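Working notes for the structure below.
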Amino acid sequence: MNIWQVLSSTWNMEPWVLVSALAVLVAYGLGTGFKFTKLSALFITGITIYVLALVSPLDYLGRTYLFSANMIQHILLLLVVPLLLLLGIPKTLAEKALAIEPIGAVMKVLGNPIVAWFLGVGSMWVWHLPSLHESVLANDNLYITQQISFVLIGMIFWWPVFAPVESRRLSPLVSTLYLSSACLGCTILGMLITFAGAGLYASYMTPVDTIGILPLLRGELCLTPGVDQQIGGLTMWVPGCLIYLAASMVTIARWYGAPEDYEISSNSGAEGLLTATQENK
């Protein structure tokens, strides 16, 4: 079996993925009046990447053969998809949702920067504990829980920086610190995985080769267990941090590009919020 055959034959249209994606799109459409805008384009892109990450060969290879493919999937689900979904939510829709209890009360707790940071960074560390990771690969229900939790926790993590409602955001300077520290957390984990000996995740040492592609992966592509694990660790280490860095640059650009009637205020201690102030006439 060659690479093209692998990529064309390992799609898996998981019903739970398609149903969850459709349900979210319908709910979003009902909330926005099914209008196609720049924001809805971002939201739809996020849903599209979510589906592709879970039904494409990336999912099959990551769950069966390659830790590196599994790590790419996790980066997409925890960092990329949630950010696109959050950026695609209109301010008016977010305000209406926050006015509903208990949504408002829950987001007041989960949207706290300290809580959101520990959830976002902690989920990456916890789910990649070798023993738990092995359990996820062996249990369908736990696997589904992991994927959904990545997206939900990812949205919570990005909330203090890119919340649709400006008053819920941290100031650009605090946002940069928030993202830089998260980058450091993932960098340390990525380094540990990269420089650990081969076999940290035992399932990838001797995968069950049901479709006969192991010779292709190990031989022609030289993806030995050690190399595969190093690529996975580097994926968390480098591309993961680049996403945090890009987000930091966006917050700084947003700060410099803001109108003069915006100022940085410090509310609730560490939560510096960007609030609009108008001149008295």
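When Rg and the Kirkwood radius Rh are both evaluated on Cα atoms of the range 1-139, their ratio Rg/Rh stands at 1.02.
Please state, as a whole number in µm²/s, the translational diffusion coefficient that the Stokes-Einstein equation yields for the chain at 20 °C and 1.002 mPa s, with Rh defined as the Kirkwood radius across alpha carbon pairs. Estimated diffusion coefficient is 106 µm²/s. Measure out, as a whole number of angstrom, how far apart the alpha-carbon centroids of the range 144-205 and the range 111-140 sit. Value for the Cα centre distance between the two parts: 9 Å. Using a Gaussian network model of the chain in which every pair of alpha carbons under 10 angstrom is joined by a spring, one finds that among Ser149, Ser68, Ser171 the greatest mean-square fluctuation is at Ser149. The largest-to-smallest principal axis extents of the Cα set in the range 102-253 are 55, 33, 22 Å. For the range 221-233, the Karplus equation 6.51 cos²θ - 1.76 cosθ + 1.60, evaluated at θ = phi - 60°, returns couplings of 8, 6, 8, 5, x, x, 5, 4, 5, 5, 4, x, x Hz by residue, with Gly and Pro reported as x. Volume per residue of the convex hull around the Cα atoms, evaluated for the range 50-122, comes out as 108 Å³.
Taking the number of Cβ atoms within 10 Å of each Cβ as an exposure proxy, the fewest-first ranking of His133, His74 is His133, His74.
The string of couplings for the range 206-220 from the Karplus curve (6.51, -1.76, 1.60, θ = phi - 60°) is 9, x, 6, 8, 5, 10, x, 10, 4, x, 5, 5, 7, x, 5 Hz, one whole number per residue in order, with x for Gly and Pro. Of the trypsin sites (Lys or Arg not before Pro) in the range 10-93, the ones in a loop by DSSP (not H, G, I, E or B) with at most 14 other beta carbons within 10 Å are Lys35.
Could you give the longest part of the chain that holds none of the GluC sites (Glu not before Pro) found in DSSP loops with at most 13 neighbouring Cβ atoms within 10 Å? Excluding the exposed sites themselves, the longest stretch runs over 1-259. Taking chymotrypsin sites (Phe, Trp or Tyr not before Pro) in DSSP loop conformation with at most 16 other Cβ atoms inside 10 Å as exposed sites, the chain has its longest uninterrupted site-free stretch at 37-281. By the beta carbon rule, with partners counted only under 4.7 Å, the chain holds these lone Cys residues: Cys186, Cys222. Distance between the modelled labels on Phe36 and Glu14, one decimal in nanometres: 2.9 nm (7 Å Cα→Cβ projection). Across q = 0.14, 0.16, 0.18, 0.26 Å⁻¹, the range 1-65 modelled as identical point scatterers on its alpha-carbon atoms has Debye log10 I(q)/I(0) values of -0.51, -0.62, -0.71, -1.06, in the order of the q list.
The phi-based Karplus calculation (6.51 cos²θ - 1.76 cosθ + 1.60; θ = phi - 60°) puts the 3J(HN,Hα) values of the range 34-48 at 6, 9, 8, 10, 4, 5, 5, 5, 5, 5, 5, 4, x, 5, 4 Hz, whole numbers, x for Gly and Pro. Just to confirm a number: summing +1 for Lys and Arg and -1 for Asp and Glu over residues other than Pro207 whose beta-carbon lies under 14 angstrom from that of Pro207, what do you get? Around Pro207, the surrounding residues sum to -1. For the chain, the relative contact order comes to 22 percent (Cα pairs under 8 Å, sequence separation of at least 6).
A short reminder: the numbers here are calculations on the coordinates, not readings from a lab. These figures come from a predicted structure and were not determined experimentally. Glycine also receives a Cβ, built like all others from the backbone with ideal geometry; neighbour counts cover every protein chain displayed.
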